[in-house]
Every structure is written in structure tokens, then in C-alpha cells.
Amino acid sequence: MGYFTPFSIGLLLINLALAYHSIRSGRSPLWLLALAVASFAGFLATIAVWLAYLCMAVIPDLLRSHGARRFADNVSNAADPGRGYREKKRQVEQVGSVDAKRALAEESLKRGLFAEAVALYESAMQGPLGGADPVLIKGLGRAKLLAGDGAAAEALFVQLRQVDPAAVDADVELDYARALEAQGKNDEAVRQYETVASRYPGEEARARFALLLEKLGQEAQAQTLYREILSSVKGAPRYYRSRQSEWIRIAKQHLKS
């Protein structure tokens, strides 16, 4: 087989991969020189350069990556579930910026602290541009909805559409339907659910729509939606079924055989 043995080809491919990483990441050209010299100096020299490059270039890059930071945050949160909330609260107390309040408000929503989230969003919107900030309007609308104030949530979603129509995404459309339903505006809620259910990226909109139809006595339409949910998740990837587990459970519980 001559010089090109599987072993030598493997060495060459690793060298090329490291060289590619070095060039793409803007490393010193001395790394390329070191790889070239080591390949002629022998196997042990090559291994030494590989290890040095991994320790000094590849691993630090991995640790700085978004995925690595997110993994580290997840591990920290698992070990100390209140850590993220405490850090964001400290930022509000020390800095008090709009971004700090928004971040804490989002964390409060995740923890079910809806009244606190409302207060934080309202405080953040006191600035000169707060009433025109689509992120804050959207966040406050959701906080008001979850706090049980459907009328205020509806008004905020209408305001959001006026301020920035592009910010009215599928989640806002669903929250708007829920705000209408919370006020007993059932006819309007049904029309809004019909608009969003077919294009919502998940099963929540269809499940909530079906529950409303069931409550209004429109059993046949509700049953059709429950069947659509179960048909949609059949054969879907496990991660999708896991994320939609609440709505799958509702469809199974309410579907009549």
C-alpha cells in the first residue's frame, strides 16, 4: 500500500482539521508551521502539537461557545434553581436598567410570579421610549394575561399591533385569543383561535381552541381538533412529543372513542 496507509491518512486528516480550525479562527500562522514541522519530526512530536493546540485553542473556543455557556447555565440552574433569579434581581437592585428589569420580569414569568412581572414591566416602561418598545409591550401583555387581567392584556396586544405589526407573532396571536376568552368575548375568541390554530408551531393553540369549543357546546368541532392533535404527533420526533406533552394529555383525556 506504500506510504498512504490508513494510519498515515488518519494523521493527515487530523492535521488538516486542525489547520482548518486555525485558519478559520484567525490563529497565529506559527500553528500551521508547528503542524508541518511536527509531521516530519515524527509521531510523538505530532501528538505533542495536537495536544498543545487542543488545550490552547480548541477547548477555549468550545468553552466560549453559546452552546457551552447554555450547558453551563443549565447545570448551574439544576444545582441551584434560584441562582438565575437571584442574579437578575441583584442586577435590578444594583443597576436598575430597562434591560435588567425586563430580564427579571421574564424570569418572574417562568416562576409564576405574575404580579411581580407586571410591576417590573410597568417600571421598565416608565422611560421615554417604554410605550413604544414592542418587547416590553409584548411582555407586559403576557404578564397581564397570566395575572388574570384579560382586558388590559387585550389593550396591550392591540397597542403592540399599532406600534410594530411585525412583532405580532404566533405567540402574541394566541395570547390575544386567550385574553378575549378570559373576558368572555367568546365569538371574538373563536374567530381569533381559528386564525392562529392552523399556523401555530405546536399543539397548544388547537388544544386551547378545542377546550373553548367544548365549553361552548360545539362538541363535534372540539373532537375534530383533539383528533388532529393526536394525528399530528403520531410519528413525530420524541423531543416534539415531549414538548407537547401537556396538550397531548388534554387531547387524550377529552377525546371520545
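The values are calculated or read from the model by the stated rules, or taken from the named source; none is laboratory data. From a predicted model like this one, the values you see are computed outputs, not experimental measurements. Counting neighbours? That spans all protein chains shown, and the Cβs are built from the backbone with ideal geometry, glycine included.
Computed quantities for the displayed model
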{"item": "Out of Glu173, Glu188, sole residue that is under 23 Å from the mean Cα position of the chain (by Cα) and acidic (Asp, Glu)", "result": "Glu173"}
{"item": "Contacts under 9 angstrom Cβ, first residue in the stretch 226-247 being over 18 Å from Glu214 (Cβ atoms), partner β-branched (Val, Ile, Thr) and surrounded by 13 or more Cβ atoms within 10 Å (Cβ to Cβ), 6 or more apart", "result": "Val233/Ile248; Tyr240/Val233; Arg241/Val233; Arg241/Ile248; Gln244/Ile229; Gln244/Val233"}
{"item": "For Ala151: the one exception among (1) closer than 25 Å to Lys215 by Cα; (2) in contact with a Leu (Cβ under 7 Å, 6 or more places away or on another chain); (3) surrounded by fewer than 19 Cβ atoms within 10 Å (Cβ to Cβ)", "result": "(2)"}
{"item": "Checklist (1) of a type outside the set (Lys, Arg); (2) assigned to a helix (DSSP H, G or I); (3) within 26 Å of the chain's Cα centre (by Cα); (4) surrounded by fewer than 19 Cβ atoms within 10 Å (Cβ to Cβ) applied to Gln221, failing item", "result": "(3)"}
{"item": "Failed item, numbered, when Asn74 is tested on (1) loosely packed, with under 11 Cβ neighbours inside 10 Å; (2) under 21 Å from Ala143 (Cβ atoms); (3) modelled with pLDDT under 90; (4) not basic (Lys, Arg)", "result": "(2)"}
{"item": "Matching option when the condition is under 19 Å from the mean Cα position of the chain (by Cα) and closer than 26 Å to Asn186 by Cβ, among Lys110, Lys144, Lys138", "result": "Lys138"}
{"item": "Helices (runs of 4 or more DSSP H) completely within the stretch 90-193 that count 1 or more residues being assigned by TED's automatic domain parsing to the domain that holds Ala210 and among the polar types (S, T, N, Q)", "result": "none"}
